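Below is one structure, written out as structure tokens; the observations come after it.
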Amino acid sequence: MSAQAETGQQAEKEAEAETASYSFAAMEAKWPAVWDELKVFTPADDGSKERRYVLDMFPYPSGDLHMGHAEAFAMGDVVARFLRQRGYDVLHPIGWDSFGLPAENAAIKRNAHPSEWTYANIETQAASFKRYAISADWSRRLHTSDAEYYRWTQWLFLRFYERGLAYRKNHPVNWCPKDQTVLANEQVVNGACERCGTQVTKKSLNQWYFKITDYADRLLDDMADLQGHWPERVLAMQRNWIGRSEGAHVNFVIEGEGDAPAREVTVFTTRPDTLYGATFFVVAADADIAAELVTADRRQDLEGYQDKVKALSEIERQSTEREKTGVFLGRYAVNPLNGEKLPVWAADYVLADYGTGAIMAVPAHDQRDLDFARAFDLPVRAVVDTGQEDPAGTGVATAGEGKLMNSGPLDGLSKAEAIPAAISILEEKGTGEKTVNFRLRDWLVSRQRFWGAPIPIIHCPACGEVPVPDDQLPVRLPDNLRGEELAPKGTSPLAAAQDWVNVACPACSGPAKRDTDTMDTFVDSSWYFLRFASPEYTDGPFDPAAANRWLPVDQYVGGVEHAILHLLYARFFTKVIHDLGLVNFTEPFKALLNQGQVLNGGKAMSKSLGNGVDLGEQLDKFGVDAVRLTMVFASPPEDDVDWADVSPSGSAKFLARAWRLGQDVTSAPGTDPAAGDASLRAVTHRTIAEATELLENNKFNVVVAKVMELVNATRKAIDAGPGAADPAVREAAEAVAVILSLFAPYTAEDLWSLLGREASVANAGWPVHDPALLVQDTVTAVVQVQGKVRDRLEVAPDISEDQLREAALASANVQKILDGRGIRTVIVRAPKLVNIVPA
Ligand code: ANZ
Ligand code: ZN
């Protein structure tokens, strides 16, 4: 056996000895029942304490929990447990986002009902969450696929409908050919289906929408309250997604041609100041207006072009890299300011769905227009003198500030002056007006799938759309459809359930049909945080009084992948629910924490890479506490954790070391620490002070490092210092238990009990530091010669630079190194560092 292997074995034996009596399995078996019994995590909700609401984005029940859940929920639990220790009444609920496609696909494969797969997975995850010691109030558990829940999703839909915020329209929508369902704009990523990656196409369908655009301004404005409490990049993404642009609508008359009469087409522009520089006019190739305007002899060209455009994603269409393409439509638009005739083109770089789907092209000052002008030899006329070279020559459009020229009444004005001036002229003439345009589109909520909340509308041949009366809610999903019957066929599988579809019209009692679409699951998750305030409530989606007591959520925790979809929808719902008079707040989440991802070897864990790490195996091997502690210790919560770089066995060793303090302390509980060892007390109180501040700033990983130092100092005091009977040792060990209770609940509880204290450490109360004990009489100054540490000096914290320099130069160690050489420079950073550079 090699010497190396021998020392390896030796180290292993020592490690074993160290952890021998520390059994995470025994603790995991013992404590959950005690916590349940004591209802440690159920808030009192009686007003005796200030309330705090900590929420983790609820999980989707796809199989068992994975490493990502383990990280996110470890972070959220630290916050919940910290606030509980600080004396707040904490609501920390858990539930499941349990409607959705995967359940349905699994059901088709297994010839089962989606509920079987869903609820089996929920039970698996619930057991894992319990083992993982999430400090959740299990009595408030909810599932969005329960009829008691989706009844209220439907009820909310009807309230939206009454207010004109839910409506149906026929419109080209994003269609996933694989999943055979429509997708919201938010679910199309780089032109592909967010779920399955298939290239998304457009299809004209009659679909239900929520009018989120009515709330665009408020969604933007209210972000001011979130500033500083939400990650800036999430706010930026929402701001971008909403995409507010100020500008003008300008009406152009398109001259008649042959049989086609003259007509007006409006454009949206952010640069009405450049109207005199418009040299052509472009409509979106796929907008109805293109087909309406095109002259007969060019129709075939247009149709050929449209076929090509259909295959392109929105991103491709807007790419500045792609060569510009288009078709002249044979018509001319008249510039309302100078009467000039501009040729009308159809092109793909203009989007049908943005602004009005038509633009005035100003190639001198807009790069896309300039690229197009150069491709088709159209004129370029600069109207803002930016001091740069003429774009016609350079091919580079100039977008900056400057004085107007070639622009009649606008000449000589600055860009900033010319924009309102141009708008006034247009408004006087009645050919345009100031306007605000948003990138945000209405939210498409209907899905042609089974496993979702049915849309509570009945279609009657006589009465049209008739809402299902409230007292007939929920509209339950039929439970007799199975397997292939659930397969997507382009229409909802619900359409095949004849006995379900055919109903009497609630208005005229005549034969009518239920709407067969279900709601996007993002509808379910847009209000669940409200339901947690009163999950048993039967008179409405939630008890308004309870919601006003608990909400808004004080700390929301979840992945940044929800930056726009879920978080924007939840904000929208909250505002509508506020406007319905049900709650007195307008934002759902006061603060947001985006935890990082768990990687393995620098890459996201995935089946194809084969780098997945099984959470269950990690828990079996190292114990829950070691996994939780590792997640938190690895990095700041916002950063990724690379499982290849961390050491859960190191965490386990540390936990055993902390736990053994409990075996060694010999002073009785309640002993006054005042007479205890002063230097250990200073460490304990400094740790408490620092941990408090670090936790308030979500710097959980640093807190773990601090508690490790405290464990070391305590161990030293027991072994080589004042000894196990010193009351300062008990004080330190109890502080370790309480701080550890946020990260390693089993070890902390067991340590607490070894220390002779009663369960639960989870509400022992946060220790308060004594500022008088923080005063340090000396600090350590490091003395370097040419960057190498040669001595350490204990000095007063307020030592002057001169005094410190002198003390360093007087050091015998330094003298020895210098060995008579002269000194070139001395750098002093009092009271911590001196660096001497010899001549
Ligand atoms: C003339 C002009 C001159 C423009 C100029 C810009 C610069 P944002 O800021 O994103 O709102 N536009 C309008 N509708 C469009 C559509 N459906 N597809 C593609 N482009 C469209 O952009 C507004 C500008 O984008 C508008 O202002 C319009 O071009 C173009 F020197 O009008 B502008
Ligand atoms: Zn009717």
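How big is the dipole moment of the range 295-432 about its Cα centre under a simple scheme where the beta carbon of each Lys and Arg is +1, that of each Asp and Glu is -1, and everything else is neutral? Debye, nearest 20, please. Don't skip to the answer; put the middle values down first.
Numbers: 15 positive and 23 negative charges, 64 e Å.
The dipole of the range 295-432 has a size of about 300 debye.
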Taking the dipole about the Cα centre of the chain, with the C-beta of Lys and Arg at +1 and of Asp and Glu at -1, give me whichever of Ala361, Gly756, Trp500 is farthest to the positive side.
-> Gly756
Which sequence of Arg86, Arg441, Arg681 reflects their accessible areas, 1.4 Å probe, from the largest down?
-> Arg86, Arg441, Arg681
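Let me spell out the model: positive unit charges on the Cβ of Lys and Arg, negative unit charges on the Cβ of Asp and Glu, origin at the Cα centre of the chain. What dipole size does that give, in debye rounded to 20?
Working: 85 positive and 117 negative charges, 133 e Å.
It comes to approximately 640 debye.
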So for the pair Ala127, Gln300, with labels modelled 7 Å out along Cα→Cβ, what separation do we get in nm?
-> 6.9
As straight-line cross-link partners of Lys130, the qualifying lysines (C-alpha separation under 17 Å, not fewer than 8 residues apart within one chain) are Lys30, Lys39
Between Pro478, Asn437, Asn548, whose Cα lies farthest towards the positive end of the dipole of the range 430-562 when Lys and Arg beta carbons carry +1 and Asp and Glu beta carbons carry -1, centred on the Cα centre?
-> Asn437
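Please find the FRET efficiency linking Glu709 to Glu638, where r is the Cβ-Cβ separation and R0 is fixed at 35 Å, and quote it to the nearest 0.05. Walk me through the numbers on the way to the answer.
Numbers: r = 24 Å, r/R0 = 0.67.
FRET efficiency, Glu709 to Glu638: 0.90.
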Summing +1 for each Lys or Arg and -1 for each Asp or Glu, what net charge is found among the other residues whose Cβ lies under 13 Å from the Cβ of Gln125?
-> -1
Considering only Trp643, Ala674, Phe633, whose Cα is most displaced toward the positive end of the charge dipole of the chain, charges sitting on Cβ of Lys, Arg (+1) and Asp, Glu (-1)?
-> Trp643
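Can you tell me what the convex hull of the Cα atoms of the chain projects to on average, as an area in nm²? Write out the running numbers ahead of the final one.
Working: hull surface 198.5 nm².
Its average projected convex-hull area is 49.6 nm².
Got a sec? What order do Lys415, Lys621, Lys211 fall in by accessible area at 1.4 Å, biggest, i.e. largest, first?
Working: Lys415 35, Lys621 140, Lys211 65 Å².
Reading off the accessible areas and sorting them downward yields Lys621, Lys211, Lys415.
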Kindly express, to the nearest 10 degrees and within the range 0 to 90, the angle between helix 3-19's C-alpha long axis and the longest C-alpha principal axis of the chain.
-> 90
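Sort Arg829, Arg331 by accessible area with a 1.4 Å probe, largest first. Working shown, then result.
Values: Arg829 145, Arg331 5 Å².
So the residues, ranked largest to smallest area, are Arg829, Arg331.
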Setting aside same-chain residues fewer than 8 positions from Lys575, which lysines have a Cα under 16 Å from its Cα?
-> Lys211, Lys590
Pop the C-beta distance of Glu428 and Ala462 into the FRET formula with R0 = 41 Å and round what comes out to the nearest 0.05.
-> 0.25
Want the number for Trp138 to Ala120: 0.36 nm per residue separation, take away the alpha-carbon distance, what's left?
-> 4.7 nm
Which value, in Å² rounded to 10, gives the accessible area of Tyr88 with a 1.4 Å probe and all protein chains present?
-> 60
Do the sum for the chain: with -39,500 (n - 2.57) for every DSSP H run of n ≥ 4, divided by all residues, what is the mean residue ellipticity at 222 nm, to the nearest 500 deg cm²/dmol?
-> -11500 deg cm²/dmol
Roughly how many nanometres apart are two label points built 7 Å out from the Cα toward the Cβ at Glu50 and Val189?
-> 3.9
Quote the FRET efficiency, to the nearest 0.05, computed for Lys109 versus Asp719 with a Förster distance R0 of 51 Å and r equal to the Cβ-Cβ distance.
-> 0.25
To the nearest 20 debye, what charge dipole does the range 441-483 have about its Cα centre, counting +1 at the Cβ of each Lys and Arg and -1 at the Cβ of each Asp and Glu?
-> 320
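The values are calculated or read from the model by the stated rules, or taken from the named source; none is laboratory data. Not measured: the values here are computed from a predicted model. Cβ atoms come from the backbone with ideal geometry, glycine included; neighbour counts cover every protein chain shown. These area figures cover heavy atoms from the full protein model, side chains too; ligands, DNA and RNA do not enter into them. Shrake-Rupley method; radii C 1.70, N 1.55, O 1.52, S 1.80 Å.
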